[in-house]
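Worksheet for the structure shown next.
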There are 2 protein chains.
Amino acid sequence: MRLSTKGRYAVTAMLDLALNGKTGPVTLAEISENQGISLSYLEQLFAALRSKDLVRGVRGPGGGYYLGKSSDEISIANIICAVDEWVEFTRCGGRQNCSGGARCLTHTLWDDLSAEIFNFLADISLGDLVRRNLANRNGRDTSLSAVSTSSSQAA
Amino acid sequence: MRLSTKGRYAVTAMLDLALNGKTGPVTLAEISENQGISLSYLEQLFAALRSKDLVRGVRGPGGGYYLGKSSDEISIANIICAVDEWVEFTRCGGRQNCSGGARCLTHTLWDDLSAEIFNFLADISLGDLVRRNLANRNGRDTSLSAVSTSSSQAA
DNA sequence: TAATTACCTAGTGATTTGGTTGGAAATAGA
DNA sequence: TCTATTTCCAACCAAATCACTAGGTAATTA
């Protein structure tokens with residue numbers, strides 16, 4: 001898995017779209033202005049998002065972008081994978097030349113952990129984030145998703 | 001947050017250390033051999049891990065690295081933060097010049113999500129991963145941590 | 001026709017990645 | 001004490017990635 005600033009930009013832009021796209025299409029110029037991301041960089045990100053059907057573009061005056069599907073059907077994992085080229089994990093290409101077994105062992109552990117992280121992000125949708133915010137206008141600490149058993153360790 | 005191949009290398013190396021360090025110190029040469037990571041790159045990673053007291057080095061023949069504390073006291077988030085320089089999230093530096101409010105809104109949403117991801121990774125320890133593997137020798141699908149409510153969405 | 005917008009391609013400086021080289025300091029064993 | 005081993009440390013490097021700029025073309029509206 002890969003979670004970089006590029007993915008953050010994409011998620012941020014999609015959030016902007018989910019929040020402001022209720023009435024009509026949102027232009028990249030608006031998102032650029034709102035989020036402080038350069039227009040051309042947004043174009044590149046949205047090319048990737050469009051290829052995965054996460055957004056739908058409308059050309060011409062009055063055009064812009066819509067979400068490609070309902071905000072509940074778009075997970076954070078979907079967005080990050082679209083722009084960050086889901087890096088395939090080196091799992092020794094099956095079982096070949098995995099010297100000693102110690103290598104395969106840690107690879108397996110890492111793969112399991114990666115899958116867990118992916119599932120975590122796949123379970124949070126754009127809709128979840130938006131609703132959480134609306135519900136949290138003056139309240140506090142609304143749980144983001146079904147998953148929320150944090151405690152024990154801090155930074 | 002930031003989850004790159006660099007962090008993956010660090011987690012993988014720490015897993016190797018947790019698995020093989022029961023009897024004595026583990027040399028970087030062994031980890032390099034086991035995991036296919038260059039020795040010098042490991043040195044750089046372990047310099048960062050050492051500065052955060054996640055590992056303890058012993059010089060000289062028969063030397064190597066120990067875990068700096070119990071594997072239960074080392075979270076995945078600890079490891080990734082040590083090598084990846086925990087990127088501070090642009091939250092508009094407080095509340096200044098955040099045009100329109102739409103920007104602050106998505107920033108807040110992103111910050112909340114980031115915190116959630118961090119908590120998720122902070123709740124998984126090296127010890128969890130090791131125990132999961134031992135428990136899963138011939139069994140299947142042992143839950144990794146307390147957190148495991150996945151369903152609904154897939155890739 | 002003109003303005004607006006998505007869409008496309010190429011390039012660019014800065015940073016990060018993952019690695020190499022060449023050591024120095026500490027320690028165990030001969 | 002000498003030597004081998006190992007961590008430690010600094011500088012440097014090619015390749016990739018990041019975030020952006022520049023300069024268009026295609027579709028659509030008024």
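For the structure I just gave you, tell me whether B:Leu54 is within 10 Å of DNA strand C (Cβ to nearest atom), closer than 20 Å to B:Cys81 by Cα and buried (at least 17 other Cβ atoms within 10 Å of the Cβ). Taking the combined requirement at face value, the residue does not satisfy it. Within region B:51-71, being away from DNA strand D (no atom under 11 Å from the Cβ) and part of a strand (DSSP E or B) holds for one residue alone: B:Leu67.
Here's the yes/no breakdown for (1) touching a Phe, Trp or Tyr at 6+ places or on another chain (Cβ under 9 Å); (2) at pLDDT 95 or above:
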site: B:Tyr9; (1), (2): yes, no
site: B:Asn20; (1), (2): no, no
site: B:Thr27; (1), (2): yes, yes
site: B:Asn34; (1), (2): no, no
site: B:Glu43; (1), (2): no, yes
site: B:Leu67; (1), (2): no, yes
site: B:Asp72; (1), (2): no, yes
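Taken as a whole, region A:16-36 holds no residue that is within 17 Å of the chain's Cα centre (by Cα), under 14 Å from A:Ala77 (Cα atoms) and buried (at least 16 other Cβ atoms within 10 Å of the Cβ).
Within region B:28-39, residues that are more than 9 Å from chain A (Cβ to nearest Cβ) sit with their Cβ atoms under 9 Å from residues that are assigned to a loop (DSSP other than H, G, I, E, B) and surrounded by fewer than 17 Cβ atoms within 10 Å (Cβ to Cβ), at 6+ positions apart or across chains, in these pairs: B:Ser32/B:Ser38.
A Cβ distance below 7 Å, combined with a sequence gap of six or more or placement on separate chains, defines the contacts here; from region B:50-66, residues that are away from chain A (no Cβ under 14 Å) and of a type in the set (D, E, K, R) reach residues that are within 7 Å of DNA strand D (Cβ to nearest atom) and not in a loop (DSSP other than H, G, I, E, B) in the pairs B:Arg50/B:Gly57; B:Arg56/B:Tyr65. Count of region B:13-33 residues, restricted to those that are more than 12 Å from DNA strand C (Cβ to nearest atom) and within 22 Å of B:Ile124 (Cβ to Cβ), is 10.
The values are calculated or read from the model by the stated rules, or taken from the named source; none is laboratory data. A quick note: this is a predicted structure, and the numbers were derived from the prediction, not measured. Ideal geometry is used to build each Cβ from the backbone, glycine not excepted, and the neighbour counts take in all protein chains shown.
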